[in-house]
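See structure below.
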Amino acid sequence: MRWFLLALSLLVGPALAQTPPPPGQAAQDAFRLGVQLYALGRYEAALELFERALKEKPQDPDVVYWLARAQLKVGLLNPALENAKGLVARNPRYIGGYMVLSEAYVALYRAAEDREKGKTHLEQALTVLRDAERVNPRYAPLYAQRGLVYAFLGQADKAEEAFKKALSLQDSAEVRAALAELYLAAGRLDEALEQYGKAVQLSPQDGNLRVRYASALLLKSRAEEAARVLEEGHRLKPLDAEGWYTLGQAYFVLGRLKQAGVALENAVALAPLRFPVAYYYLGQIYLALGDAQKAKSRLTVAVRLEPKRAEYRYQLCLANEKLGDKEGARYQCQEALKLKPGYREVEEVLKRL
């Protein structure tokens, strides 16, 4: 579709000549820049440009399509819905209109306080997608969107069928990842891993995809492969906080404690409050490496972030004991025992304290 091709266009800055641009050129430039900003995740800035383009080209379906998509991204759900409805009404052969209209209904469902009542929006989305199928029965994103709707409805068999139909028309990392998530939810881990693996091959630089693949590999106790997936990804694009955290988990399982420590420290440096369990792992790592002071520092943060986790307090108890702080150790172990009565390891520590 031509709106995807527009995303590849680059603006080269102000023209050297001072003659005014031809009619509609300013709108076209604003539109192209808006598409680029949208691709970069700068949705509010993109929305402003699409609104500017719409003033000059109010009937252009591409402009209305992207305007509605940007409105959905910034949470303007009802304006997006109205624009999408108008787009379909005025351009019944324009497949993008049906797609963004179905996306609007899905967004309304996700925003609904009562999800059961909100399912009427999903039924409306399915109706729109049936209309779209009459316009272009071989448009792969249509079936991918249908799969998503069925997944929200809890109809896993129909969702799987729709995702596979989309893949038969156009192989896509995004659809394979969605199918993998569907399999994970159903406990079909091997099939999920197969789809994640193919998705990573199609989109090797997608860091989020690699993290999801690695997390699934860890569920299968394939930590070596999980580490390799993330290491390869890091060579292509630096890991984010979740990437470092997941890599740290893999190294921890493999017993590569120093590497696990580096990865987990990177994770908490990038996102200090996001991964309380990372501090817990770090505490265990530093205890194993003989650095009780660092262990206490990290475990103290873990306990502050999640004070009702008995295992965190138990490890902090051990760190305090190593440092000769018997009173601090006794307190943490007693608190752990309150949270988890009968905690055998804690009872043994208390006996020797």
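The values are calculated or read from the model by the stated rules, or taken from the named source; none is laboratory data. Everything quoted here is computed from the prediction, not taken from an experiment. Heads up, the Cβs are rebuilt from the backbone with ideal geometry, glycines too, and the neighbour counts pull from every protein chain shown.
Yes/no matrix, rows are residues, columns are (1) surrounded by 20 or more Cβ atoms within 10 Å (Cβ to Cβ); (2) modelled with pLDDT under 95:
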{"position": "Gly118", "(1), (2)": "no, yes"}
{"position": "Leu122", "(1), (2)": "yes, no"}
{"position": "Ala125", "(1), (2)": "yes, no"}
{"position": "Ala140", "(1), (2)": "no, no"}
{"position": "Tyr143", "(1), (2)": "yes, no"}
{"position": "Arg146", "(1), (2)": "yes, no"}
{"position": "Val149", "(1), (2)": "yes, no"}
{"position": "Ala156", "(1), (2)": "no, no"}
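Inspect region 82-96 for any residue being charged (D, E, K, R), touching a residue at least 60 places away in the same chain (Cβ under 8 Å) and not in a loop (DSSP other than H, G, I, E, B) and give the result as yes or no.
no
Number of residues in region 106-138 that are of a type in the set (Gly, Ala, Ser) and either touching a residue at least 40 places away in the same chain (Cβ under 8 Å) or outside any helix (DSSP H, G or I) (or both) equals 1.
When Glu224, Glu160, Glu181, Glu174 are screened for being farther than 21 Å from Leu126 by Cα and either in contact with a Ser or Thr (Cβ under 7 Å, 6 or more places away or on another chain) or of a type in the set (D, E, K, R) (or both), only Glu224 passes.
When we screen Tyr98, Tyr43 for residues that are among the aromatic types (Phe, Trp, Tyr), closer than 20 Å to Arg130 by Cβ and either at pLDDT 95 or above or surrounded by 10 or more Cβ atoms within 10 Å (Cβ to Cβ) (or both), the only hit is Tyr98.
The residue pairs whose first member lies in region 48-64 and is without any contact (Cβ under 8 Å) to a residue 60 or more places away in the chain, whose second member is among the polar types (S, T, N, Q), and whose beta carbons are closer than 6 Å, counting only pairs six or more residues apart or on different chains, are Pro61/Asn91; Val64/Asn83.
Conditions tested, residue by residue: (1) surrounded by 10 or more Cβ atoms within 10 Å (Cβ to Cβ); (2) modelled with pLDDT under 90; (3) under 22 Å from the mean Cα position of the chain (by Cα).
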{"site": "Thr19", "(1), (2), (3)": "no, yes, no"}
{"site": "Gly24", "(1), (2), (3)": "yes, yes, no"}
{"site": "Gln28", "(1), (2), (3)": "yes, yes, no"}
{"site": "Phe31", "(1), (2), (3)": "yes, no, no"}
{"site": "Glu48", "(1), (2), (3)": "yes, no, no"}
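Is it the case, given these coordinates, that Arg69 is within 22 Å of Ala140 (Cβ to Cβ), touching a helix residue (DSSP H, G or I) at 6+ places or on another chain (Cβ under 8 Å), not in a helix (DSSP H, G or I) and not small (Gly, Ala, Ser)? If you could, list the steps in order and put the result at the bottom.
On the way: within 22 Å of Ala140 (Cβ to Cβ): yes; touching a helix residue (DSSP H, G or I) at 6+ places or on another chain (Cβ under 8 Å): yes; not in a helix (DSSP H, G or I): no; not small (Gly, Ala, Ser): yes.
The answer is no for Arg69.
When we screen Ala292, Ala329, Ala278 for residues that are within 35 Å of the chain's Cα centre (by Cα), crowded, with 16+ Cβ neighbours inside 10 Å, on the phi < 0 side of the Ramachandran plot and in contact (Cβ under 8 Å) with a residue 24 or more places away in the chain, the only hit is Ala278. Among the residues making up region 165-177, those that are surrounded by fewer than 15 Cβ atoms within 10 Å (Cβ to Cβ) and over 14 Å from Gln145 (Cβ atoms) are Ser168, Asp171.
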